[in-house]
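**Student:** Quick one: the structure is below, and I'll ask about it shortly.
Only the coordinates and a few stated rules stand behind these numbers; no lab work does. Just so it is clear, the structure is predicted and the values come from calculations on it, not from any experiment. Positions of Cβ are generated from backbone atoms using ideal geometry, with glycine treated the same way; all protein chains shown enter the neighbour counts.
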Amino acid sequence: MPSPEGAGLTVGVLMLPGQVPLDLVGPLQVLHAAQQQDDGIAIRYFGPRASLDWLGPLTLGGIEPLPQALKPLDLLLVPGQYRRGIDPELQPGCVDWLRRQAGQASTLMGICSGSLLMAEAGLLNGRRCTTHHTLLERLQGLAPEARVQGDCIFIEDGPCLTSAGISTGIDTMLHWLTRRLGHRLALSVAREMVLYLRRSGHEPQLAGWLAGRNHVDERIHRLQDALCAGLKERWTLAEMAELTALSERHLRRRFAVVAGMSPGDYLTRLRLQLARQLMEETPWSLARIAEEVGLGDDRQLRRAWKRLEAGSPRAWRRRLAVQ
């Protein structure tokens, strides 16, 4: 469940030789955008060296030594490394450090070949995980008891989040941010980064919130933000039109053009997305969830689900329980 606003989150970043630039910068850009709205997010950088060669003449500095006793973290980020950039003298010690300190982090996030480092540390056996498509066989070899999957861009299994790497680190960090601070902040970050069309792993919380937002119409975005923030309200088309300063007829047409669906269907999809999230994260009954998301009762929830989704809410929840 999302953390209370202002509760504070501490993120640690493992800085190793050979770091892949976008594996590091993509997730960090998400966090830095979030910091503009929640100054309770703190980021620490530590590694075996005080500075690292990075891009040509550019270096990364200000890196703390690897702590012998790591203080609790909400997230430990492990970016990928270029194989040719790995320091064979430092790497074994870093793997050992990760093995010993992993339990201090609520979530471990491996980006691209960062998953390999987690596997070497013995953290992925028995878990679903993924990595860059060219590294899947190596990951399976390093973690023979892991359930390595190549049909997704990120996977969350217990405390471990692993991703296919490069640009998918952005998707993975947005997913984690949604988990910890809620979809509204993650939506705002995605808009700030002009990332309206998102991709999902097998846990599509964020993708559901951002469906229909791959456009630059500020009036429609304003309405979509309001709908997202007021799912329990009884919205009418007239109220939506007033908010956008458009006629009802023009709103229907414009919304369909830029979002690919009607305003009513968009609102229903948001409600179903929140219902899925609550089915996964709470033991609440379908009736309570339906009321919470603005669908009234479980009968209306089933009706909306049948119109826009496959199967039923109850069947979806059962499948989730056995994964």
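**Student:** Could you quote the convex hull projected area for segment 211-323, Cα atoms only and averaged over all directions, in nm²?
**Tutor:** 7.2
**Student:** Another question, if that's okay. Report relative contact order for the chain in percent, whole number only (criteria: Cα-Cα under 8 Å, sequence separation at least 6). Don't skip to the answer; put the middle values down first.
**Tutor:** Working: 545 pairs, mean separation 41.4, N = 323.
Reported as a whole number, the value is 13 percent.
**Student:** Order of 266, 45 from fewest to most other C-beta atoms within 10 Å? Could you put the intermediate results ahead of the total?
**Tutor:** Details: 266 23, 45 18.
Final ranking by Cβ density, sparse to dense: 45, 266.
**Student:** Let me ask you something else. Normalising by the residue count of segment 50-162, find the relative contact order in percent from Cα pairs under 8 Å and 6+ residues apart.
**Tutor:** So the answer I get is 22 percent.
**Student:** Another question about this same structure. Under the classification rounded if a/c is under 1.5, otherwise prolate if a/b is larger than b/c and oblate if not, where does segment 57-141 fall, given a ≥ b ≥ c as square roots of the Cα gyration tensor eigenvalues?
**Tutor:** Here segment 57-141 falls in the oblate category.
**Student:** Calculate the spin-label point distance for residue 218 paired with residue 232, positioning each point 7 Å from the Cα along the beta-carbon direction, and give it in nanometres.
**Tutor:** Once both label points are built, they end up 3.2 nm from each other.
**Student:** Between the helical axis of 248-259 and the dominant principal axis of the chain, each derived from Cα atoms, what acute angle in degrees is found, rounded to the nearest 10?
**Tutor:** Approximately 20 degrees, to the nearest 10.
**Student:** For segment 9-183, count all C-alpha to C-alpha pairs, find those more than 25 Å apart, and express that count as a whole percent of the total.
**Tutor:** Numbers: 3801 of 15225 pairs.
Summing the P(r) tail past 25 Å for segment 9-183 gives 25 percent.
**Student:** Can you show me the helix-derived [θ] at 222 nm for the chain, built from DSSP H runs with n ≥ 4 at -39,500 (n - 2.57) apiece and divided by the number of residues, rounded to the nearest 500. Spell out each step's value before the answer.
**Tutor:** Numbers: 14 runs with 149 residues, N = 323.
Calculated from helices alone, the mean residue ellipticity at 222 nm is -14000 deg cm²/dmol.
**Student:** Oh, and also: Measuring from label point to label point, each 7 Å out along Cα→Cβ, what is the residue 137 to residue 253 span in nm?
**Tutor:** With each label placed 7 Å out from Cα toward Cβ, I get 5.7 nm.
**Student:** Between residue 243 and residue 320, what length comes free when the chain is fully extended (0.36 nm per residue of separation minus the Cα-Cα distance, one decimal in nm)?
**Tutor:** In short, 24.0 nm is gained.
**Student:** What percent of all Cα-Cα pairs in the chain falls in each 20 Å bin, counting up from 0?
**Tutor:** 30, 53, 17, 0
**Student:** Hey, another quick one. Please list the non-local residues whose amide H lies under 5 Å from the amide H of residue 10, H modeled 1.01 Å from N, same-chain partners needing a gap of 5 or more.
**Tutor:** 42, 74, 75
**Student:** Between segment 150-188 and segment 89-112, what's the alpha-carbon centroid distance in Å?
**Tutor:** 19
**Student:** Using only Cα atoms, tell me the angle between helix 298-308 and the longest principal axis of the chain; keep it within 0 to 90° and round to the nearest 10.
**Tutor:** For helix 298-308, the angle is close to 80 degrees.
**Student:** If you take every residue apart from residue 160 with its C-beta less than 9 Å away from the C-beta of residue 160, what net charge results, scoring Lys and Arg +1 and Asp and Glu -1?
**Tutor:** On the way: positive: 127, 128; negative: 156, 157.
Result for the neighbourhood of residue 160: 0.
**Student:** Oh, and also: Residue 122's amide H: which non-local residues (gap 5+, or another chain) put their own amide H closer than 5 Å, with H modeled 1.01 Å from N in plane and none for Pro or chain starts?
**Tutor:** none
**Student:** Once you have the Cα-Cα distance between residue 310 and residue 32, take 0.36 nm times their residue separation minus that, and quote the gain in nm to one decimal.
**Tutor:** Here the answer is 96.3 nm.
**Student:** Using Cβ counts within 10 Å as a stand-in for footprinting exposure, how do 46, 154 rank, fewest first?
**Tutor:** Ranked by crowding around the Cβ, least crowded first: 46, 154.
**Student:** Residue 96 versus residue 280, label points 7 Å from Cα toward the beta carbon: distance in nm?
**Tutor:** The modelled label-to-label distance comes out at 3.8 nm.
**Student:** Please find the FRET efficiency linking residue 261 to residue 106, where r is the Cβ-Cβ separation and R0 is fixed at 41 Å, and quote it to the nearest 0.05.
**Tutor:** 0.70
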